[in-house]
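Report on the structure given below.
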Amino acid sequence: MARLVGSILTEDDAFKTQMAALLRAGATPVSFGGDPRARDGSPADLVIVDARKDMPAAMSTVEQVRAAAPSVGIFVVASEPRPELILQAMRAGANEFLLWPPAEGSVADAIGRTAARRQSSTRARQATTLVFFGAKGGAGTTTLAVNCGVELARLSKRPTIIVDLNPGVGEVALFLGVRSRFSLLDAIDNLHRLDAEFLRELVVKHKSGLDILAGSDQFERPGAADTAGLEEVFRLFARQYEYIVIDAGNQINPCSIASFYTADTICFVANPDVPSVRNAQRLLDRIGQLGSCRDRVKVLLNRAAEPYPIPPAQIESTLGHPIHHTFPSDYRTVSAALNSGVPVALTGNSGIAEQFDRFTRRLLNPSGEPRPAVAPSKLSTLGLERLASIW
């Protein structure tokens, strides 16, 4: 999926907030930086210029941006659609002219045109970002993220990184049996020097070929004040890696939301039990409020074994979302892997290792084999009755 890096040039904070929400409501992921020129010397893909109050100054800005970045998409936002203003904006180098407030769908249409132009004018490899997010603690989110990252690196033979977004108690490095001198905070706090060479110093290389950026040791960071830096880190990773795997934990917060906006796929991990399904319904509703993020969700049912406390068909009906893939319950194999620091995907033949392989191959080749059918539940309706009593 095309991903755009955007910049909003305005002195009006309210306009910036509203415009960012409109840009992120579309199907194309858009992240933001503070300047139309990115820190690694490559231009932003999209620049929004606020021309509502001072058209001459805005046109000067458009000319400067166009001169600095010939291929960037420039949107001029004005308060009135006079033909001479539209012509002036186009002559200055703007690609799109939007009236404020924009008509429904106009921003999404403009972004779609910009993304299409970008794809047709560049051969640059597009990164695929997968965000793993759990319905509750202990759902197996980190286990799935780690093994998916290992399998992506192993099967694709392409540059792959896993990022631990959990503050204080991130376990990605632990699950992979490695120790890291640096963490995600070192990347966020050193954006001014965050290039490919510095990045190599921050990550740890796993024997599978997977790069690891460990989680922060601080419980309060990354936090709300770090979201702009976090988006910049993700933007740089998208230029360095073909696959980006993010373990976003199980809490809706500014940092997890930032990861949702940059994601191509949100792998939502749930278990077939009442607390998990209840949380999953609420969290999916919240994700749906973030614009198009819900359209990128794939529900993963972990620890699924008969007899199911709640049948998969009932889970799908409750969530209003199909189950994309199921992983079996295999406590002994998973526990041994966690204690040894060797991912399940590399431990040999087992049912769950086979499912990690099949799931990852589906990611690499979406048009491949269909989702395996889930066997019907043999349990009574006790789980359903309890579930119904909660809603």
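Name the residues in region 63-111 that are among the polar types (S, T, N, Q) and touching a residue at least 12 places away in the same chain (Cβ under 8 Å), would you?
Start the filter on region 63-111 by keeping residues that are among the polar types (S, T, N, Q), which leaves 64, 71, 79, 88, 95, 106.
Within region 63-111, Ser71, Ser79, Gln88, Asn95 meet the criteria.
For (1) at pLDDT below 80; (2) assigned to a loop (DSSP other than H, G, I, E, B); (3) not acidic (Asp, Glu), each residue gets a yes or a no:
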{"position": "Thr28", "(1), (2), (3)": "yes, yes, yes"}
{"position": "Asp35", "(1), (2), (3)": "yes, yes, no"}
{"position": "Val49", "(1), (2), (3)": "no, no, yes"}
{"position": "Glu63", "(1), (2), (3)": "no, no, no"}
{"position": "Ala67", "(1), (2), (3)": "no, no, yes"}
{"position": "Ile74", "(1), (2), (3)": "no, no, yes"}
{"position": "Glu84", "(1), (2), (3)": "no, no, no"}
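For region 171-185, what are the residues that are open to solvent by less than 30 Å² (accessible area, probe 1.4 Å), within 15 Å of Gln218 (Cβ to Cβ) and not in a helix (DSSP H, G or I)?
Ser183
Counting just the residues of region 290-308 that are at pLDDT 85 or above and open to solvent by 40 Å² or more (accessible area, probe 1.4 Å), which one comes out farthest from His324 (Cα to Cα)? Write out each step before concluding.
As a first pass, look at region 290-308 and keep what is at pLDDT 85 or above: 296-304.
From what is left, the residues that are open to solvent by 40 Å² or more (accessible area, probe 1.4 Å) are 298, 303.
On the way: Lys298: 6, Arg303: 14 Å.
Among those that are at pLDDT 85 or above and open to solvent by 40 Å² or more (accessible area, probe 1.4 Å), it is Arg303.
Based on what the data block shows, is Leu284 over 22 Å from Ala25 (Cα atoms), touching a residue at least 24 places away in the same chain (Cβ under 8 Å) and open to solvent by less than 20 Å² (accessible area, probe 1.4 Å)? Spell out the reasoning first.
Values: over 22 Å from Ala25 (Cα atoms): no; touching a residue at least 24 places away in the same chain (Cβ under 8 Å): yes; open to solvent by less than 20 Å² (accessible area, probe 1.4 Å): yes.
When the stated conditions are applied, Leu284 does not pass them.
Anything in region 323-339 that is more than 17 Å from Glu151 (Cα to Cα), among the small types (Gly, Ala, Ser) and within 29 Å of the chain's Cα centre (by Cα)? List them, or say none.
The answer is Ser329, Ser335.
What number of residues within region 145-163 satisfy the criterion of being crowded, with 24+ Cβ neighbours inside 10 Å and closer than 23 Å to Thr333 by Cα?
10
Residue under question is Gly140, and the condition is that it be of a type outside the set (A, V, I, L, M, F, W, C), within 22 Å of Leu236 (Cβ to Cβ) and in contact with a strand residue (DSSP E or B) (Cβ under 8 Å, 6 or more places away or on another chain); does it hold? First the steps, then the outcome.
Numbers: of a type outside the set (A, V, I, L, M, F, W, C): yes; within 22 Å of Leu236 (Cβ to Cβ): no; in contact with a strand residue (DSSP E or B) (Cβ under 8 Å, 6 or more places away or on another chain): yes.
In short, no.
Quickly run through region 305-335 and pick out the residues that are part of a loop (DSSP other than H, G, I, E, B) and either without any contact (Cβ under 8 Å) to a residue 60 or more places away in the chain or out of contact with any Asp or Glu (no Cβ under 8 Å at 6 or more places or on another chain) (or both). Can you show your working first?
Filtering region 305-335 down to residues part of a loop (DSSP other than H, G, I, E, B) leaves 305-311, 320-322, 327-330.
Ala305, Glu306, Pro307, Tyr308, Pro311, Gly320, His321, Pro322, Phe327, Pro328, Ser329, Asp330 - these are the residues of region 305-335 that are part of a loop (DSSP other than H, G, I, E, B) and either without any contact (Cβ under 8 Å) to a residue 60 or more places away in the chain or out of contact with any Asp or Glu (no Cβ under 8 Å at 6 or more places or on another chain) (or both).
Within region 211-227, is there a residue that is within 21 Å of Arg24 (Cα to Cα), in contact (Cβ under 8 Å) with a residue 12 or more places away in the chain and out of contact with any helix residue (DSSP H, G or I) (no Cβ under 6 Å at 6 or more places or on another chain)?
First pass over region 211-227, keeping only residues within 21 Å of Arg24 (Cα to Cα): 223-227.
With in contact (Cβ under 8 Å) with a residue 12 or more places away in the chain added as a condition, the list becomes 223-224, 226-227.
Right, trim to out of contact with any helix residue (DSSP H, G or I) (no Cβ under 6 Å at 6 or more places or on another chain) and you get 223.
Within region 211-227 (the criterion being within 21 Å of Arg24 (Cα to Cα), in contact (Cβ under 8 Å) with a residue 12 or more places away in the chain and out of contact with any helix residue (DSSP H, G or I) (no Cβ under 6 Å at 6 or more places or on another chain)), the answer is yes, since at least one residue qualifies.
The values are calculated or read from the model by the stated rules, or taken from the named source; none is laboratory data. All of these numbers come straight from a predicted model, not from anything done at the bench. In this analysis, Cβ positions are derived from the backbone assuming ideal geometry, glycine residues included, and neighbour counts consider all displayed protein chains. Areas reflect the complete protein model, heavy atoms only, side chains present, ligands, DNA and RNA absent. Shrake-Rupley method; radii C 1.70, N 1.55, O 1.52, S 1.80 Å.
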